[in-house]
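Single-structure report; data block below.
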Amino acid sequence: MKYESIIGLEIHVQLKTKSKLFCSCSNAGEYEPPNTTVCPVCLAHPGTLPVTNKEALIFAIKASKALGCIITSQSKFDRKHYFYPDLPKAYQISQYDRPVGTNGLVRIEIDNPEAVRKTADVRINRLHLEEDAAKNIHENGATLVDFNRCGTPLSEIVTEPDLRTPEEAKIFLQELRTLMRTIGVSEADMEKGHMRCDANISIRPAGDNKLYPKTEVKNINSFRAVERALKYEIDRQTKLWEEGNPVNYLSTRGWNDDKQQTFEQRKKEEAHDYRYFPDPDLPPLNLAELERDVTLPELPPAKRLRFAQEYCFAPDAAKLLADDPDWADFAENVMSETYAWLKATPGYTAAAEHKQREECSTVGKLVSSWILNRLMRQMADAAIDIRILKITPENFAEFITLIHTSQINSSNAQKLLGFMLEAGEDPSHIMEEKGLGQVADAGFIENAVMRVVENNPKQVEQYRAGKVEVIKFLIGMVMKETEGKVDPKLATEKLKEKLG
Ligand SMILES: [Zn+2]
């Protein structure tokens, strides 16, 4: 019998507001010593009252809109009761029946030839705002509590069970991270706990429309772990089905990353166990009024499409560059500056105007591949982040122009890029200073060709006897002789002339 898996996700996204959700404490407590970004409100001292952070509301509205949700015009906060040492009030301020956003939709693309479906529409059930609890630290047999995190704003995003494979779940989370970063509400870094995921999964015989009791896998903290935990659960639950003993109760399981296994923690609570009721300390929220002032930047799906159309980037390059807001800005500026540089290069415009589309794809490929394959790699090796990058888009555009107009060859361009990373100066200046440019002087090339022909009589003989591929070796020798300063095309021409 064949089985299919039904997967839904609940994701907590930590919002990067300046202060906490209900007090004026700094929201950057994760970078401070334990229990230093706290006050009587977030420590739940008697007599204190919460005040809602407007920035958190705006961030939650933004996130809801980016997920295609409808904003609830009259929203409110509710108390969710439970006891835990990291929750000093013994209730969490959350949202029950009037979340900030409902009924959204996110489309994901599954770029895997073996995938059963290439796109999936994932409905978003809701996005609500709630406060985070403190953090328990288990040390030497004792448990310590750091209250810095207590009161940090979280948006909890709940999907419908529209995902079918662990891979789809991972891709959805990556898309969510890209969205949250693009709209600037969170770093959404799973490793740092800025995005935390619980995955609900059940199995059913293929073709069955019933939903069976689900298992919730909690606290998965990386994209890889999401995929692995879900694969593990699919295998475990499939086996139970095959034994005629499928899962028949709701349960919560943890993920053990060291053992690569899930383990049962408890049977799941239901909503009524939490005794939700509206928080009497907080006024209702008029979100319709706030929503009017919230605008969204261009979202990743639209940006990817525009990058492919406007700049002729290949689809995968367009996605890589569009998905990171910092790199997207850099690439856009480089593109417009590159055309400015090219148009200022004598003899360029007329040729390029003849075949616009072809030129667009040549320049697009040059820019995207030099950014993605060379610049990013050299930056990674030198541990340089884009936020401290010394190369301006203007300088990078000039650099691309030097390559495109054959003023420098590709191996010397790599060296030049290294110098630019260190010095941050303009490329033509460094090229001249370090002698990396191509020499167009005919005499210089001819002399080099002559020396190579004289010093390699065996290869010359082979070439003349009809073994034409030997020319590659001879060109290599010319490049070596000239320290890479001649245009290989020109060197080939001169060699062929000489060899007759
Ligand atoms: Zn506080």
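The values are calculated or read from the model by the stated rules, or taken from the named source; none is laboratory data. Given the structure is predicted, the values throughout are model-derived calculations rather than measurements. Don't worry about glycine lacking a Cβ; one is built from the backbone with ideal geometry, like all the others, and counts go over all protein chains shown.
Points to keep in mind about this one:
- Residue in region 79-99 that is of a type in the set (A, V, I, L, M, F, W, C), within 24 Å of D323 (Cα to Cα) and in the same structural domain as A199 (by TED's automatic domain parsing) present: no
- Listed conditions (1) without any contact (Cβ under 8 Å) to a residue 60 or more places away in the chain; (2) farther than 30 Å from R177 by Cα are all met by W241, apart from (1).
- Residue that is among the basic types (K, R) and exposed (fewer than 15 other Cβ atoms within 10 Å of the Cβ), where the choices are R253, R275, R236: R275
- Residue list for region 299-331, filter: part of a helix (DSSP H, G or I), within 24 Å of R107 (Cβ to Cβ) and among the acidic types (D, E): E310, D316, D323
- Tallying residues that are touching an Asp or Glu at 6+ places or on another chain (Cβ under 8 Å) and of a type in the set (D, E, K, R) within region 392-431 yields 3.
- Sub-9 Å Cβ pairs linking a first residue in region 140-161 that is within 20 Å of L129 (Cβ to Cβ) to a second residue that is within 11 Å of the ligand (Cβ to nearest atom) and acidic (D, E), at least 6 apart or interchain, are C150/E131; G151/E131; T152/E131; P153/E131; L154/E131, ordered by first then second residue.
- Scanning region 326-347 for residues that are among the basic types (K, R), surrounded by fewer than 18 Cβ atoms within 10 Å (Cβ to Cβ) and either under 18 Å from the mean Cα position of the chain (by Cα) or farther than 26 Å from L421 by Cα (or both) turns up nothing.
- Flag if T17 is of a type in the set (S, T, Y), in a loop (DSSP other than H, G, I, E, B) and under 29 Å from the mean Cα position of the chain (by Cα): yes
- Test result for Y96, more than 23 Å from E187 (Cα to Cα), part of a loop (DSSP other than H, G, I, E, B), touching a Phe, Trp or Tyr at 6+ places or on another chain (Cβ under 6 Å) and away from the ligand (no atom under 16 Å from the Cβ): yes
- Region 52-93, residues that are surrounded by 15 or more Cβ atoms within 10 Å (Cβ to Cβ), in a loop (DSSP other than H, G, I, E, B) and among the hydrophobic types (A, V, I, L, M, F, W, C): L67, C69, F77, L87
Condition check ((1) of a type in the set (G, A, S); (2) modelled with pLDDT of 95 or more; (3) in the same structural domain as H81 (by TED's automatic domain parsing); (4) part of a helix (DSSP H, G or I)) across all residues:
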{"site": "E264", "(1), (2), (3), (4)": "no, no, yes, no"}
{"site": "H272", "(1), (2), (3), (4)": "no, no, yes, yes"}
{"site": "Y339", "(1), (2), (3), (4)": "no, no, no, yes"}
{"site": "L342", "(1), (2), (3), (4)": "no, no, no, yes"}
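- Residue tally, condition of a type in the set (S, T, N, Q) and either exposed (fewer than 13 other Cβ atoms within 10 Å of the Cβ) or out of contact with any helix residue (DSSP H, G or I) (no Cβ under 7 Å at 6 or more places or on another chain) (or both), over region 421-463: 3
- Filter result (within 13 Å of the ligand (Cβ to nearest atom) and either among the β-branched types (V, I, T) or closer than 14 Å to K18 by Cα (or both)) within region 33-63: T36, T37, V38, V41, T48, V51, N53
- Residues in region 106-124 that are under 30 Å from P278 (Cα atoms) and without any contact (Cβ under 8 Å) to a residue 40 or more places away in the chain: R123 alone.
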